[in-house]
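The next block holds one structure in the form of structure tokens; read it before the comments.
Laboratory data are not the source of any read-out in this text; all were calculated from the coordinates shown. Keep in mind it's a predicted model, so treat the numbers as computed, not measured. Note that each Cβ is placed from the backbone with ideal geometry, even for glycine, and that neighbours are counted across all protein chains shown.
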Amino acid sequence: TSAVMAVVCGRGLLAPLRGRLRAPLRSVTAAPAAPLYDVVVSGGGMVGSAMAAVLGHDIHFHDKKIALLEAGPRKEYDRVPDSYSNRVSSISPGSATLLSSFGAWDHVCSLRLKPFRRMQVWDACSEAMIVFEKDDLDDMGYIVENDVIMAALTKQLDAVADRVEVFYGSRAVGYTWPLPSHSCDTSPWVQIELADGRRLQTKLLIGADGHNSVVRKEAAIKNIEHRYDQSAVVATLHLSEATDNNVAWQRFLPTGPIALLPLSDTASSLVWSTSHEHASELLAMDEESFVDRINSAFWSNVNHSDFIDTAGAMFRSAISLLKPSGTAVRQLPPSVAKVDPESRAMFPLGMGHATEYVQHRVALIGDAAHRVHPLAGQGVNLGFGDIACLAHHLSAAAFNGSDLGSLKHLLKFETERQRHNVSLIAAIDVLKRLYSTRLAPLVLLRTWGLQATNALPPVKVRI
Amino acid sequence: SLLRFTAKRLFSTSHSSVDSKEMKKFQLLAHKWWDEEGEFSALHSMNDIRVPFIRDSLLNMTSNYHLGKPLSGVKILDVGCGGGLLSEPLGRLGASVTGIDPLEDNIRTADQHKSFDPVLAKRIQYKSSSLEEIVEESMETFDVIVASEVVEHVADLEMFIKCCSQVLKPEGSLFITTINKTQLSYVLGVVVAEKIIGIVPEGTHEWEKFVPPEELERLLESNGFSVKTVNGMLYNPLSGSWSWMESTSVNYAMHAVKSGAEGQSSPTDALPEVEGEQPSATAGTAV
């Protein structure tokens, strides 16, 4: 009947009027359609590139079109340069497993990496320390230069070039979001505009564009963020004498943690988180003074107080009564002889956590979703963990013929990862604040806490 | 009794499996198909179990497939496709899908929705038609027929099944999901689903037309099909998701295979009651 027809034709009126939180939709009518991809990853850093590579190697994505947008130029090399890069990452065994699942880890191994077996973490204000070590002779983790990881990822992206199109030198400048249940004449896809005017469409946009994520901002996802009063100073250091160098060292100074990460038997990478002023000083001073400061930071006991030392010693003897093997001898890190010229650099630190990781047709991974202090060496590992989880859900969705941008499976990813990430991010933030003080009660607390944790195998294993 | 239920059944004047009263019910909702959280949300989430069911049943019957495009080369007829909720995932898995629905508005919605995806637009064809109307031009054309949440709406079930058999290739598969006719299905499927929680638009289902699996199985077997699988399905309104269950007392899914050549049936079947007209199976015949 005409009444029924009128109702049906008036579907514009009947379309659900949901509050639209996003930028107004530019109606995309019958202009020549921009190329449509199943997945577009925005951001070609370690996490974005790995995401694209994992999907490109997934059997259920064999039929799909993936694009990776990277603002910078293509980075690759077949042979490692003689000198080390000053940007390194601590790669967990879990991340190594992910990278080997699509063949990238083999490339990393053939380029350059340093496994480490032990981690010693101790306090500048007390004798307390904690040693992490695996009972079996497995590696605890690997120190790998970021450039090496990128080179390995680029190679594995090349291997699936028929499925994954990488756009170098392409910065995305605008995103247009579709309505969740689209009304009839507007495109249901995410529209992406590049700086050079090119346009793309995608069924799922993955934002891997770092802690200042444009995807996150454009999607109006609230971000809880906090700038630490700290910058990290990085440098490549040469040791006084060759050693096995399979220990990662980190000492908590009142100004911030200083870490020495092994690169080879004779070289280590420095990550020193400290105040902005101190960081600038460290960068400005001559190389000899710089090296002196590093050695002193690791070796000097000037921050100890008798009170704390006594209290710590008491606690330690108490523990050894209960658990004789619960205290280990504190080793001293290797001494540093010189620093690679030009390798000193600094960058500001902060923490961040997106309140949502996903929206209709959008997912955030890596630093775009969460940013942490380097003190726990977790940053990129959290990102790789995001990738493993998201890829798992997307693969299942693809094998079910689902719409890849559907919130149904995206929400599963968000729930799993937030559950995992939030407590870790909070813990890292607490640790950072706890160790930023000389106040006796807090030092005592963390001293005892560290000693107790060191003595208790179950807790240590979880870390 | 619990069932003080009077259903007015409109008898269709034409020899058709389409019930015009049923059509009217869906007319008003024609544009709401693709709202994943709207009136059809339960059908959207049913894809999570019915697509794997179809996919895996088909993959189990062949060894020649690629996991990237598991249904490539398979011709599927989606009867009562509505807005294309099931056609699209099957198309994404590589199948060539023909979706038919008697309601033009549904077909319009379905065509509209697939038009934005060039891959789907090519793989799926929609047609406003009843099953009978396509029989003549589609004899033994399809590898698979899916009739999901349809048979509880048709006027003449036996004719529907006969038509399915005609357009299906020998050894082709027929997948049906529907609702059992039990007290429980009345309570859950009509009272709770429609009137209390409202997860199904009110008036969608008439208990009188629900089909018990025993009857469906009998009709299938007596029309040249061999039933391979029957699985109960359960909807959880709190989570909005479906799962498989032992009991078929509410919803269920069935997979049946059309017999190989004229009058032969698969030697692996146990045929409970075979109607007299069918020539008896020849022992040891390969299908």
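Given the Cα atoms of the stretch A:136-250, and with Rh set as the inverse mean 1/r over their pairs in the Kirkwood sense, what is Rg to Rh to two decimals?
That ratio is 1.10, to two decimals.
Rounded to whole Hz and in sequence order, give me ³J(HN,Hα) for the stretch B:98-115 from the Karplus expression 6.51 cos²θ - 1.76 cosθ + 1.60, θ = phi - 60°, writing x for Gly and Pro.
10, x, 10, 7, x, 8, 4, 5, 4, 5, 4, 4, 5, 4, 4, 5, 6, 5
May I ask you to compute the full-extension gain from A:His238 to A:Ser280, defined as 0.36 nm times their residue separation minus their alpha-carbon distance, rounded to one decimal in nm?
Contour length minus Cα-Cα distance gives 13.0 nm.
Can you tell which of B:Thr62, B:Thr98, B:Thr178 shows the greatest fluctuation in a Gaussian network model of chain B with Cα springs below 10 Å?
B:Thr62
For A:Leu375, what charge total do you get from the other residues with a beta carbon under 12 Å from its beta carbon, if Lys and Arg give +1 and Asp and Glu give -1?
+2
Considering only C-alpha atoms, what is the centroid distance from the stretch B:69-141 to the stretch A:329-405, in Å?
43
Calculate the mean, over all residues of peptide B:88-100, of how many other protein chain Cβ atoms lie within 10 angstrom of the residue's Cβ.
Per-residue shielding by partner chains comes out at 2.
To the nearest 0.05, how large is the calculated FRET efficiency for A:Ser100 and B:Asp56 if R₀ is 30 Å and r is the Cβ-Cβ distance?
Result of the calculation: an efficiency of 0.55.
For the stretch B:20-258, what is the convex hull volume of the alpha-carbon atoms per residue, in Å³?
117
Starting from the Cα-Cα distance between A:Glu133 and A:Ile59, subtract it from 0.36 nm times their residue separation and give me the gain in nm to one decimal.
Between A:Glu133 and A:Ile59, full extension yields an extra 23.0 nm.
Can you run phi through the Karplus equation (6.51, -1.76, 1.60; θ = phi - 60°) for the stretch A:336-342 and list ³J(HN,Hα) in whole Hz, with x for Gly and Pro?
So the J values, rounded to whole Hz, are 9, 9, 8, 10, 4, x, 6.
Between B:Lys228 and residues 5 or more places away or on another chain, which pairs have amide H atoms under 5 Å apart, with H built 1.01 Å from N, and which residues are they?
The answer is B:His255, B:Ala256, B:Val257.
Applying 1/(1 + (r/R0)^6) with R0 = 41 Å to the Cβ-Cβ distance of A:Arg79 and A:Thr310, what FRET efficiency is obtained, to the nearest 0.05?
Efficiency for this residue pair is about 0.15.
Can you give the FRET efficiency for B:Lys195 and A:Asn295, using 1/(1 + (r/R0)^6), R0 = 60 Å, r = Cβ-Cβ distance, to the nearest 0.05?
For B:Lys195 and A:Asn295, the calculated efficiency is 0.15.
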